[in-house]
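Enquirer: Can you read through this structure? Questions will come right after.
The values are calculated or read from the model by the stated rules, or taken from the named source; none is laboratory data. Fair warning: this is a prediction, and the values are worked out from it, not measured in the lab. Backbone-built Cβ (ideal geometry, glycine too); neighbour counts: all protein chains shown.
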């Protein structure tokens, strides 16, 4: 009996020992956990280098401050400041009195974070320049080559025709000498040759001329119709801003930057403070590059332009008092005699931006996708249904229609824009 | 016959000349008298016709920005200045005093949801946990604020943060009207912080903070 009990207690003891060791093991966090914790809790305001974000960069923080002080500060910085700690007050003042919120981290977790800051993994320390440097190689220049080939072919053909003509002439001379036939005509000059050819093939020549006239007339007609129609207009912009990266890859909504599209006639070109909502942080350092129009460019150069226009100092994070506007080139221009309102189409009409502007999220350089002619407007007004579902006004409107008008307008189950007066001249011209 | 050939050739050459667009793809224009607005239009180069005033003056006029700030001391119609300063004290005060003046209705939450998809989702994520596309693409550090039931954050502070920005988040006052900011706050509180909708709001409490 006593032997049994002894073995049972020793079993319990052993179990307890195992449990304790497991707990103490899991309580020890390593630098990898520190990285995760840092990214989740600290990275929004701090970096592990000396670069200042919202708060100061934390490189070498372990040497600068006592561990105990850091623990206190991280758990509740305001309490430490209130206690009259001189260092804490100094840090608070130095960083523009931005309050660091208390972090709900355990001692072990704080140690892990500090450990990560002191010894970051090797692959994060060096910058990733080497892998991206080779991509700026020369691009193939297709256009120039095709013109060269065309030129060579034309020159070769001209030489060939010349050779054939001179052979023909000399052959004719030889035949005339030998046979003495007077009827053989010798075309001494190029003009004689062509005249001879034309007089022999009058029908073909007439057909050729007729075709040329028709093609020419069509060309003239097309050219006249394209006057003032800037479809495909693709001007170079002062900053290499890629919609493909911002709207396509990063999925930023059009309305984020073009916020006045919902409120006003114009969709709005974002002022630079909107750029700075992201580019205060994304400054393109670390040798980053980006794709634009099939070529690779270094990122800092373009972002520097924003800073320069804003008179913003990246090092101090302060704005100067000499900002200049960016001279963006307007792509979509309507004549003054036509009225178009963005908010009407975006809010009430619930139209997607892409309906008129095309796949902007795939464009590096924005170009005019639609012709923006009156015929194009009218066509859309004839085809597009009014967003009348759930709109109290139209529900009432439909309920009040007489049977005859209901039959006329609602029979196809679709109320189009032209049916509510979308083709009235004065809607757009006044 | 020869005359016809000459005319045809002339037409052809003329057509190819007029059919050309310049390198950016700008089409030719013919008498664009009613195309350019004599009044100042937003984002359009303005300035008098160089034919009348000379290229130098026209160029100078074209270089003046057409997007302008409002005249100093004026405010837009329907707008009330925001009384809390962009300081820690202002943040605390807004948290204590500022209340959402809009009625908390399903309809308003729906509007807020639409705005959230436009202005917040690329950083804060669809579910408000900070997993937006910019964070997932590694462009932006993870967002520290995770909206949930346990988050102790008064609505006034949220409004203050959208207005001035906080930490890495910039000010969104230029993109969102005050009403839109309240709609967003309402959506986030209802959807992620599980605050029930309550229509019994004392509307006169803070009407002057809206619009």
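Enquirer: Looking only at residues that are touching a residue at least 60 places away in the same chain (Cβ under 8 Å) and within 11 Å of chain B (Cβ to nearest Cβ) in segment A:347-365, which one is surrounded by the most Cβ atoms within 10 Å (Cβ to Cβ)?
Expert: Checked segment A:347-365; the qualifying residue surrounded by the most Cβ atoms within 10 Å (Cβ to Cβ) is A:365.
Enquirer: Moving on. Which condition breaks for residue A:291 when tested against (1) buried (at least 19 other Cβ atoms within 10 Å of the Cβ); (2) in contact (Cβ under 8 Å) with a residue 24 or more places away in the chain; (3) not in a loop (DSSP other than H, G, I, E, B)?
Expert: Status for residue A:291: all satisfied but (1).
Enquirer: Please go through segment A:318-352 and pick out each residue that is farther than 18 Å from residue A:269 by Cα and in a loop (DSSP other than H, G, I, E, B).
Expert: A:320, A:321, A:322, A:335, A:336, A:337, A:338, A:339, A:349, A:350, A:351
Enquirer: Could you list, in sequence order, the residues of segment A:186-197 that are part of a helix (DSSP H, G or I) and loosely packed, with under 11 Cβ neighbours inside 10 Å?
Expert: Result: A:191, single match.
Enquirer: Looking at the structure I just gave you, is residue B:50 touching a helix residue (DSSP H, G or I) at 6+ places or on another chain (Cβ under 6 Å) and either surrounded by fewer than 19 Cβ atoms within 10 Å (Cβ to Cβ) or in contact (Cβ under 8 Å) with a residue 24 or more places away in the chain (or both)?
Expert: Criteria met by residue B:50.
Enquirer: Another question, then. Tally the residues that are farther than 22 Å from residue A:117 by Cα, surrounded by 15 or more Cβ atoms within 10 Å (Cβ to Cβ) and within 14 Å of chain B (Cβ to nearest Cβ), restricting the search to segment A:79-98.
Expert: Looking only at that region, the number is 1.
Yes/no per residue for (1) in the same structural domain as residue B:191 (by TED's automatic domain parsing); (2) more than 30 Å from residue A:335 (Cβ to Cβ):
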{"position": "B:58", "(1), (2)": "no, no"}
{"position": "B:75", "(1), (2)": "no, yes"}
{"position": "B:100", "(1), (2)": "yes, yes"}
{"position": "B:110", "(1), (2)": "yes, yes"}
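Enquirer: Only residues that are touching a helix residue (DSSP H, G or I) at 6+ places or on another chain (Cβ under 9 Å) and within 24 Å of residue A:354 (Cα to Cα): list them for segment A:390-418, please.
Expert: A:391, A:415, A:416, A:417, A:418
Enquirer: Moving on to the next point. Say we look at segment A:366-379 and pick out the residues that are surrounded by fewer than 18 Cβ atoms within 10 Å (Cβ to Cβ) and under 27 Å from the mean Cα position of the chain (by Cα); which of these is nearest to residue A:335 (Cα to Cα)?
Expert: A:373
Enquirer: Scan segment A:211-237 residue by residue and report those that are loosely packed, with under 13 Cβ neighbours inside 10 Å and either within 29 Å of the chain's Cα centre (by Cα) or facing chain B (nearest Cβ under 7 Å) (or both).
Expert: Result: A:222, A:236.
Enquirer: Further, regarding this structure: Take the conditions in a helix (DSSP H, G or I), surrounded by 14 or more Cβ atoms within 10 Å (Cβ to Cβ) and touching a strand residue (DSSP E or B) at 6+ places or on another chain (Cβ under 9 Å) and apply them to residue A:307. Does it pass?
Expert: Here the answer is yes, as residue A:307 does meet what is asked.
Enquirer: Here is a further query. Assess whether residue B:65 counts as being in a loop (DSSP other than H, G, I, E, B), modelled with pLDDT of 65 or more, touching a helix residue (DSSP H, G or I) at 6+ places or on another chain (Cβ under 7 Å) and within 7 Å of chain A (Cβ to nearest Cβ).
Expert: When the stated conditions are applied, residue B:65 does not pass them.
Enquirer: Which condition number does residue A:320 fail, the rest of (1) without any contact (Cβ under 8 Å) to a residue 24 or more places away in the chain; (2) within 13 Å of chain B (Cβ to nearest Cβ); (3) touching a strand residue (DSSP E or B) at 6+ places or on another chain (Cβ under 8 Å) being met?
Expert: The one condition residue A:320 does not meet is (2).
Enquirer: Residues that are part of a loop (DSSP other than H, G, I, E, B), within 12 Å of chain B (Cβ to nearest Cβ), more than 17 Å from the chain's Cα centre (by Cα) and more than 25 Å from residue B:171 (Cβ to Cβ): does segment A:263-270 have at least one?
Expert: No, that holds for no residue.
Enquirer: Name the residue, out of B:127, B:152, that is under 25 Å from residue A:262 (Cβ atoms), assigned to a loop (DSSP other than H, G, I, E, B), in the same structural domain as residue B:178 (by TED's automatic domain parsing) and out of contact with any strand residue (DSSP E or B) (no Cβ under 9 Å at 6 or more places or on another chain).
Expert: Result: B:127 is the single residue among B:127, B:152 that is under 25 Å from residue A:262 (Cβ atoms), assigned to a loop (DSSP other than H, G, I, E, B), in the same structural domain as residue B:178 (by TED's automatic domain parsing) and out of contact with any strand residue (DSSP E or B) (no Cβ under 9 Å at 6 or more places or on another chain).
Enquirer: Say whether the condition of being within 14 Å of chain B (Cβ to nearest Cβ), at pLDDT 80 or above, out of contact with any helix residue (DSSP H, G or I) (no Cβ under 8 Å at 6 or more places or on another chain) and not in a helix (DSSP H, G or I) is met by at least one residue in segment A:56-68.
Expert: Yes: segment A:56-68 contains one or more residues that are within 14 Å of chain B (Cβ to nearest Cβ), at pLDDT 80 or above, out of contact with any helix residue (DSSP H, G or I) (no Cβ under 8 Å at 6 or more places or on another chain) and not in a helix (DSSP H, G or I).
Enquirer: In segment A:209-239, how many residues are in a helix (DSSP H, G or I) and touching a residue at least 60 places away in the same chain (Cβ under 8 Å)?
Expert: Result for segment A:209-239: 0.
Enquirer: Looking only at segment B:68-91, how many residues end up being in contact (Cβ under 8 Å) with a residue 60 or more places away in the chain and within 14 Å of another protein chain (Cβ to nearest Cβ)?
Expert: Adding up the residues that qualify gives 5.
Enquirer: Let me ask something else about it. Of all the residues that make up segment A:279-307, how many are within 11 Å of another protein chain (Cβ to nearest Cβ) and under 18 Å from residue A:328 (Cβ atoms)?
Expert: The total comes to 1.
Enquirer: Moving on. For the subset of segment B:136-162 comprising residues that are crowded, with 20+ Cβ neighbours inside 10 Å and modelled with pLDDT of 90 or more, which member is farthest from the chain's Cα centre (by Cα)?
Expert: This residue is B:147.
Enquirer: Within segment A:241-250, can one find any residue that is part of a loop (DSSP other than H, G, I, E, B), more than 14 Å from chain B (Cβ to nearest Cβ) and surrounded by 13 or more Cβ atoms within 10 Å (Cβ to Cβ)?
Expert: Within segment A:241-250 (the criterion being part of a loop (DSSP other than H, G, I, E, B), more than 14 Å from chain B (Cβ to nearest Cβ) and surrounded by 13 or more Cβ atoms within 10 Å (Cβ to Cβ)), the answer is yes, since at least one residue qualifies.
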